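Peer 1: Before I ask anything, here is the structure I am working with.
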Amino acid sequence: MSDISSSNGSGRKSCWYEEEIEQNLRWCFALNSILHTGSSQYQDIALLDTKPFGKALVLDGKLQSAEMDEFIYHESLVHPALLHHQNPKNIFIMGGGEGSTAREILRHRTVERVVMCDIDEEVVDFCKSHLAANKEAFFDPRLHVVINDARAELEKRKNGFDVIVGDLADPIEGGPCYKLYTKSFYEGTLKPRLNEGGIFVTQAGPAGVFSHTEVFSCIYNTLRHVFRYVVPYSAHIPSYADTWGWVMASDSPLTLDAEKFDARIRQRIEGENRYLDGKTFASASILSKAVRKSLAKETQLYTEGTAKFIYGHGNCPNIPSA
């Protein structure tokens, strides 16, 4: 749950964004202004100008990304999978309506076609209009935007993909995305749409020492029951106030040392990464002792009947209309 509030303890009015990230724990920061608010049939949408993190996109009261540090999240989500693949040409994005994931994928010289499938047309249009950093990606002829449920879209596709990227919203109770983290979806719909040597990567929620048991360990264990090779990794995202996790999975080995990782960056990617290189990824994929032990012991599979959820109510009732 999030809230926009004003306080004047110092004699000056300040506007603050506040999000409850755990029971008894809230994260808040000062705003310069509320740039835009709106809603779709699926979720509330807000674009905030924050003092510490620049422009921030908020969906259903949950911070999605912030201008100052979104590159950490999106470079981590996209580049390890595409660089581990021998020759990624056709990519499918589940979600990603913000456009940042497409932006990073389109930096790869091998990529010929990207299908970005997001269920919420209003969010896609909103981001296309308001997020200047991604405008070029939205007009790249290799990008094909489809408004649909990702499961339905993958089920009707006859051609496979080299890499499928899960840039979905967090699994929130009552939200539209949690079914796309289930074993049945991974096994019955997603994996059959991967070409030989294909790789799947997904954002997997908080991965901190105390927060990783929310969904990260369960998503990891679920993918471990579907794919032969599974690599969990994490990075600290300042605007999330936590370490965040991703899981990469394939039936082909995911072995690329730091030197080869950097060589492929030089060969394949236009421009310079701000965050990710070979040593960074090597470090990201070595989890802390506590998290490693926890993941090794995890037994729960993510199913529709045993779904786990990120803490929060997924609404933003107190943001005023712009």
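Peer 1: For the list (1) closer than 25 Å to I310 by Cα; (2) at pLDDT 95 or above; (3) in contact with a Phe, Trp or Tyr (Cβ under 9 Å, 6 or more places away or on another chain); (4) not in a loop (DSSP other than H, G, I, E, B), I need the number of the one condition that G188 fails.
Peer 2: Result: G188 passes all but (3).
Peer 1: Further, regarding this structure: It is to be established whether one or more residues within the range 168-179 are open to solvent by less than 70 Å² (accessible area, probe 1.4 Å), within 18 Å of T202 (Cα to Cα) and of a type in the set (D, E, K, R). Spell out how you get there, then give the answer.
Peer 2: From the range 168-179, those open to solvent by less than 70 Å² (accessible area, probe 1.4 Å) are 168-172, 175, 177-178; that's our starting set.
Filter again for within 18 Å of T202 (Cα to Cα), leaving 168-172, 175, 177-178.
Those left that are additionally of a type in the set (D, E, K, R): 170.
Within the range 168-179 (the criterion being open to solvent by less than 70 Å² (accessible area, probe 1.4 Å), within 18 Å of T202 (Cα to Cα) and of a type in the set (D, E, K, R)), the answer is yes, since at least one residue qualifies.
Peer 1: Return the total of residues in the range 128-139 being touching a residue at least 60 places away in the same chain (Cβ under 8 Å) and part of a helix (DSSP H, G or I). Steps first, please.
Peer 2: Here is the first cut: in the range 128-139, the residues touching a residue at least 60 places away in the same chain (Cβ under 8 Å) are 130-131, 133.
Then drop every residue that is not part of a helix (DSSP H, G or I), which leaves 130, 133.
Residues flagged as touching a residue at least 60 places away in the same chain (Cβ under 8 Å) and part of a helix (DSSP H, G or I) within the range 128-139 amount to 2.
Peer 1: Is it fair to say A132 is under 21 Å from L47 (Cα atoms), modelled with pLDDT of 90 or more and among the small types (G, A, S)?
Peer 2: Values: under 21 Å from L47 (Cα atoms): yes; modelled with pLDDT of 90 or more: no; among the small types (G, A, S): yes.
Taking the combined requirement at face value, the residue does not satisfy it.
Peer 1: Also: Given the condition closer than 21 Å to E67 by Cα and buried (at least 21 other Cβ atoms within 10 Å of the Cβ), answer yes or no: does some residue in the range 149-159 qualify?
Peer 2: Narrowing the range 149-159 to residues closer than 21 Å to E67 by Cα: none.
No - not one qualifying residue is present in the range 149-159.
Peer 1: Between S252, S288, S321, S283, which is modelled with pLDDT of 95 or more, among the polar types (S, T, N, Q) and touching a strand residue (DSSP E or B) at 6+ places or on another chain (Cβ under 6 Å)? Walk me through how you get there before you give the answer.
Peer 2: Details: S288 fails: touching a strand residue (DSSP E or B) at 6+ places or on another chain (Cβ under 6 Å); S321 fails: modelled with pLDDT of 95 or more; S283 fails: touching a strand residue (DSSP E or B) at 6+ places or on another chain (Cβ under 6 Å).
Exactly one of S252, S288, S321, S283 is modelled with pLDDT of 95 or more, among the polar types (S, T, N, Q) and touching a strand residue (DSSP E or B) at 6+ places or on another chain (Cβ under 6 Å), namely S252.
Peer 1: Looking at the range 192-214, which of the residues that are over 19 Å from the mean Cα position of the chain (by Cα), under 25 Å from L254 (Cα atoms) and free of Cβ contacts under 8 Å to residues at least 60 places away in the same chain is most open to solvent (accessible area, probe 1.4 Å)?
Peer 2: Checking each candidate, the answer is E196.
Peer 1: A further question on this structure: Regarding the range 265-278, can at least one residue be identified that is open to solvent by 40 Å² or more (accessible area, probe 1.4 Å), aromatic (F, W, Y) and touching a helix residue (DSSP H, G or I) at 6+ places or on another chain (Cβ under 6 Å)?
Peer 2: First, the residues of the range 265-278 that are open to solvent by 40 Å² or more (accessible area, probe 1.4 Å): 266-267, 270-272, 274-275, 277.
Next, from what is left, pick out any that are aromatic (F, W, Y): 275.
Narrowing further to those that are touching a helix residue (DSSP H, G or I) at 6+ places or on another chain (Cβ under 6 Å): 275.
Yes, there is a match, as at least one residue in the range 265-278 is open to solvent by 40 Å² or more (accessible area, probe 1.4 Å), aromatic (F, W, Y) and touching a helix residue (DSSP H, G or I) at 6+ places or on another chain (Cβ under 6 Å).
Peer 1: Among the residues of the range 140-165, count how many are assigned to a loop (DSSP other than H, G, I, E, B) and either at pLDDT 95 or above or among the charged types (D, E, K, R) (or both).
Peer 2: Our first condition is that a residue be assigned to a loop (DSSP other than H, G, I, E, B); within the range 140-165, this holds for 140-142, 148-149, 157-160.
Applying the additional criterion that residues be either at pLDDT 95 or above or among the charged types (D, E, K, R) (or both) yields 140-142, 148-149, 157-158, 160.
Of the residues in that region, 8 qualify.
Peer 1: What is the number of the single condition among (1) open to solvent by 40 Å² or more (accessible area, probe 1.4 Å); (2) closer than 22 Å to E187 by Cα; (3) of a type in the set (V, I, T) that T255 does not meet?
Peer 2: Only one criterion is unmet by T255, namely (2).
The values are calculated or read from the model by the stated rules, or taken from the named source; none is laboratory data. This is a predicted model, so every value here is computed, not measured. So basically every Cβ, Gly included, is an ideal-geometry build from the backbone, and we count neighbours across all protein chains shown. With ligands, DNA and RNA removed, areas are computed over all heavy atoms of the protein, side chains included. Shrake-Rupley method; radii C 1.70, N 1.55, O 1.52, S 1.80 Å.
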